[in-house]
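Below: the structure, in structure tokens.
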Amino acid sequence: MLNDNHYQKLNLKYNPFSFLNKNELLQVTYERLNLERLSKNIILSDSCFVEFYGNKGLGKSTHLQLLYSKYVKEAKFVLLKKKKKQFIEKTDKILIIDSFQLLTPTNKVYLLNNQSKLIITSHYSHSLFQLKHKNFRAKVNFNKLEFDMNLLKKIVSSKIKLAAIDSEKELPKIKNEHLDYLLNKYKKNIRAIQASLYDAFLTTQKNFYEL
């Protein structure tokens, strides 16, 4: 990858770019969106509608899962899949739905009108629906959330440390030029950047890395 010592410094059976761990999820979300404050508004309200929307790969599901696992564990979480059609009934709990756009129009209208507390991700906003009966409403357009070089460098650095055999030794670093290239190519698509880094981890292209 870099030089003769590179393979001695990293555990090559483990690719650290395969997922984001809990600390990295917290890092990504805290620097982009205050989930703690959002969760307090959700919990304290009598009714609410919260939507995370935007293009694929921007972190909507990541933020939704962290909101659920850290702040509203008592909620009912539903992950929708393209090939599995289902009708979601209302519940007395907070209802969290990932990929809300996959529901039928009838099911969407039913939940928007009848579910007391509803939190969703979707590729597009549902703010055109009349939701004045909700005490708290919030929408987050992930197409407009920032994801800059400094944040990417922090995540990449922490990832490489995960694969280190000895974290006390100096580790390889991915060059800023390559990170710039990824940001220019994939913009805010975190998933695509992560996939590219995953594929590049075991390459021998020295132009990606520095010591």
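Any read-out appearing in this document is the output of simple, stated calculations on the displayed coordinates, not a laboratory observation. Computed from a predicted model, the values in this text were never measured in an experiment. Glycine gets a Cβ as well: all are built from the backbone with ideal geometry, and neighbour counts include every protein chain shown.
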Exercise. Find the relative contact order for region 33-141 and round it to a whole percent, using C-alpha pairs within less than 8 Å whose residues are 6+ positions apart.
Key: 41
Self-check item: Subset of LYS56/LYS139; LYS139/LYS187; LYS56/LYS82; LYS90/LYS187 violating a 25 Å alpha-carbon distance limit
Solution: LYS90/LYS187
Exercise. Using packing as a proxy for protection, rank 55-64, 175-184 so that the peptide with the highest average count of other Cβ atoms within 10 Å comes first.
Key: 55-64, 175-184
Exercise. At most 10 other Cβ atoms within 10 Å and a DSSP loop assignment: could you name the chymotrypsin sites (Phe, Trp or Tyr not before Pro) in region 35-104 that fit?
Key: PHE87
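Stretch ALA192-LYS82 to full length: gain in nm at 0.36 nm per residue minus the Cα-Cα span?
37.6 nm
Calculated FRET efficiency, LEU44 and GLU89, Cβ-Cβ r, R0 22 Å, to nearest 0.05? List each step's numbers first, then the result.
Values: r = 25 Å, r/R0 = 1.14.
The computed FRET efficiency comes out at 0.30.
Share of Cα-Cα pairs in region 47-112 beyond 16 Å, in percent?
Numbers: 1039 of 2145 pairs.
The calculated P(r) of region 47-112 puts 48 percent of pairs beyond 16 Å.
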Exercise. Just grab the label-to-label distance for LYS144 and ASN114, each label 7 Å out from Cα along the Cβ direction, in nm (one decimal).
Key: 3.3
Quiz item: Amide H neighbours of ILE97 under 5 Å, counting only residues 5+ apart in sequence or on other chains, H built in-plane at 1.01 Å?
Solution: VAL78, ILE119, ILE120, THR121
Quiz prompt | For LEU145, distant residues with modelled amide H under 5 Å away | solution = none
